[in-house]
Amino acid sequence: KGVVSATPAPQQIKKQFTRYDFRRPNRISKEQLQALQMLHDRFAKQMGSSLSPLLRTLVEIRPTLVEQMSYADYIKSVAYPACLGVFGMRPLKGGAIMEIQPRLLFYIIERILGGTGSSADLARELTEIERALVSNLLKRILGDLQDAWSRVSTFQCDLLNLEVNPGFLQLTAST
């Protein structure tokens with residue numbers, strides 16, 4: 001004759017999930033936007049410290065706006081030729097884009113090569129040597145991005161591609 005104790009089964013905790021519709025970008029809360037602003041402030045500070053010795057000048061970066069828009073609207077806003085670094089943030093799937101404005105990019109390239117940054121050619125594609133310099137620059141910047149996000153989660157940021165024509169990027173549906 002065995003005795004079985006009658007203990008109630010543990011209650012299962014139901015996790016609460018909130019659906020997110022990427023076609024309607026107004027769904028990010030003010031708190032989430034503020035958190036993104038703080039992350040980008042940290043990223044800007046780290047990037048300024050990282051770029052100062054490379055460019056041999058004091059670099060101060062200040063984010064001006066965290067904004068949400070559709071992918072199609074963003075791609076339409078990018079002029080050709082552009083500097084678009086496509087990167088991954090493992091373990092997340094897919095890709096992300098980092099854009100550097102041509103005027104700033106040619107200034108940085110000239111500074112890296114020992115110039116003053118005063119004669120930037122704005123309306124041309126990058127040479128192979130410049131592409132190599134920009135790839136190394138983007139890898140450095142992605143390291144700063146990875147460090148800035150490290151307080152939120154662990155990501156491995158990897159440069160996947162460097163694109164000059166925004167029309168060739170197909171990371172997601174246009175909406």
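The values are calculated or read from the model by the stated rules, or taken from the named source; none is laboratory data. Nothing here was measured: the structure is a model prediction, and the numbers come from that model. With ideal geometry, Cβ positions are generated from the backbone for all residues, glycine too; neighbour counts draw on all protein chains shown. To get the accessible areas, we keep the full protein, side chains included, count just its heavy atoms, and leave off ligands, DNA and RNA. Shrake-Rupley method; radii C 1.70, N 1.55, O 1.52, S 1.80 Å.
Report the trypsin sites (Lys or Arg not before Pro) located in segment 72-116 that are in a DSSP loop and have at most 11 other Cβ atoms inside 10 Å of their Cβ, or state none.
Passing both the DSSP loop test and the Cβ count: Lys93.
If I stretch the segment between Arg124 and Lys139 completely, what's the gain in nm (0.36 nm per residue apart, minus their alpha carbon distance), one decimal?
This chain segment gains 3.2 nm when fully extended.
Take the solvent-accessible surface of the protein heavy atoms, probe 1.4 Å, and return the percent of it on segment 59-161 that carbon and sulfur atoms account for.
On the way: 3230 of 6220 Å².
Answer for segment 59-161: carbon and sulfur cover 52 percent of the accessible area.
May I ask you to list the GluC sites (Glu not before Pro) in segment 97-172 that are in a DSSP loop and have at most 16 other Cβ atoms within 10 Å of their Cβ?
Values: sites: Glu99, Glu110, Glu125, Glu128, Glu130, Glu163; in loops: Glu125.
Here the sparse-neighbourhood loop sites are Glu125.
How many angstrom separate the Cα center of segment 66-116 from the Cα center of segment 135-155?
15 Å
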